[in-house]
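For reference, the structure is listed below as structure tokens.
The values are calculated or read from the model by the stated rules, or taken from the named source; none is laboratory data. What you see is a predicted model; the values in this text were computed from it and never measured. When we count neighbours, we look across all protein chains shown, and the Cβ atoms used for this are built from the backbone with ideal geometry, even at glycine. All accessible areas refer to the heavy atoms of the entire protein, side chains included, with ligands and DNA or RNA removed. Shrake-Rupley method; radii C 1.70, N 1.55, O 1.52, S 1.80 Å.
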Amino acid sequence: MTEKQIPIITIDGPSGSGKGTICQLLATKLGFHYLDSGALYRLLALAAKRHRVALDNIESLAVLAGHMDISFNMNKDGTPSKVLLEGEDVSLLIRNESVGSDASLVAGYPEVRAALLQRQRAFAVAPGLVADGRDMGTVVFPDADAKIFLTASPEERAERRYKQLIDKGESVSLAALVEQVQKRDERDMNRTVSPLVPADNAVVLDSSQMTIDEVLHSGLEIAIRNGIQPQQ
Ligand code: DC
């Protein structure tokens, strides 16, 4: 089966838009696989640290991106259970802030993005794929059947992050988080390689005033309208 025959839904957007949650729910509802492309950049950042590859050594980073030993374990319902780097469970480790900021750095190199392209496309297997990222609909799966660009206001995204951090027992200022979100948006949308922009044929959904159920419902509707059939 070629990649084109596999039904693919792409969901791109900034962090805090609710993409990860919606992609996983949508993949479960449809019985499809799920690609968390951000995790690949995070895994590369962690692998680089472990193998003492400097974050400005672009050539070695690209080689590592193509060869790093990673796997995604899935639950029976298709949701991710564990992310492994060289056999070790690093699911929690890759979520920490310093790995996130290193990931953002390595994601800015075109050579790294090129080295991860085929690895991402390899997730497109039957019965279908929900792909979560920044450039899924524009670069990685330009022929996807349905494309969604999920966003939310910077204030709303900062507020969501604020709640997550407070729940983790960390003390943070909401105003500082709003500023951080705006700065990151600016950088992501203006970088020269794979900037965060909606694909021409993407449906833009603003989740600021929507519940998770409402976003999921819209996502399913968009998928079905584009000829995608749930598996169950
Ligand atoms: O979604 P996330 O926070 O896990 O992504 C980690 C970093 O990788 C973030 O800085 C954005 C970047 N990224 C990217 O450039 N392209 C993607 N398709 C996914 C993530």
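Between LEU129, LEU220, LEU92, the residue with the greatest mean-square fluctuation in the GNM of the chain (Cα pairs under 10 Å linked by springs) is LEU92.
With only the Cα atoms considered, region 167-232 has a convex hull volume of 178 Å³ per residue. Two tests apply to each whole DSSP H helix in the chain, Cα reach of 18 Å or more along its axis and mean Kyte-Doolittle hydropathy of at least -0.5, and the ones passing both are 37-50, 212-225. Residues whose amide H falls under 5 Å from that of LEU35, counting only those 5 or more places apart or on a different chain, are VAL130, ALA131, ASP132, with hydrogens built in the peptide plane. Projected over every direction and averaged, the convex hull enclosing the alpha-carbon atoms of region 127-184 yields 5.6 nm². When the alpha carbon coordinates of the chain are projected onto the principal axes, the ranges are 46, 43, 35 Å, largest first.
Largest first, the residues ILE58, ILE224, ILE94 sort by 1.4 Å accessible area into ILE224, ILE58, ILE94. Heavy atoms of the protein only, probe of 1.4 Å, neighbouring chains included. What is the accessible area of HIS33 in Å², nearest 10? Roughly 70 Å² of HIS33 is accessible to a 1.4 Å probe. Within the accessible area of region 135-177, what % is carbon and sulfur when the probe is 1.4 Å and the other protein chains stay in place? Answer for region 135-177: carbon and sulfur cover 50 percent of the accessible area. Computed across region 8-60, the Kirkwood hydrodynamic radius from all distinct Cα-Cα pairs reaches 13.1 Å. Annotation: per residue accessible area for region 68-221 equals 53 Å², rounded to a whole number [probe 1.4 Å, protein chains only].
Please work out how much length the chain gains when fully extended from ALA54 to ARG225, using 0.36 nm per residue of separation minus the C-alpha to C-alpha distance, in nm with one decimal.
Working: separation 171, 0.36 × 171 = 61.56 nm, distance 4.61 nm.
Full extension of this stretch gives 57.0 nm more.
Taking every alpha-carbon pair within region 67-170, the share separated by more than 15 Å comes to 76 percent. Here the scattering of region 59-122 is modelled by Debye summation over its C-alpha atoms, one equal scatterer each and no solvent; at q = 0.23, 0.26, 0.30 Å⁻¹ the log10 of I(q)/I(0) is -1.16, -1.25, -1.24. Amide hydrogen proximity for VAL203: with H placed 1.01 Å from N in the peptide plane, the residues at 5 or more positions away or on another chain lying under 5 Å are LYS147, ILE148, PHE149. Counting Lys and Arg as +1 and Asp and Glu as -1, what is the net charge of the other residues whose Cβ lies under 13 Å from the Cβ of ALA158? Charge balance near ALA158 sits at +1.
What is the log10 of I(q)/I(0) for region 103-229, computed with the Debye formula using one identical point scatterer on each Cα and no solvent, at q = 0.14, 0.16 Å⁻¹? Each listed q maps to, in turn, -0.78, -0.99.
Given in Å, the Rg to one decimal and the Dmax to the nearest whole number for the Cα atoms of region 1-106 are 14.8, 41.
Within the chain, DSSP assigns beta bridges of which about 30% are antiparallel (rounded to the nearest 5).
In the chain, the calculated helix contribution to ellipticity at 222 nm averages -14000 deg cm²/dmol per residue, counting -39,500 (n - 2.57) for every DSSP H run with n ≥ 4.
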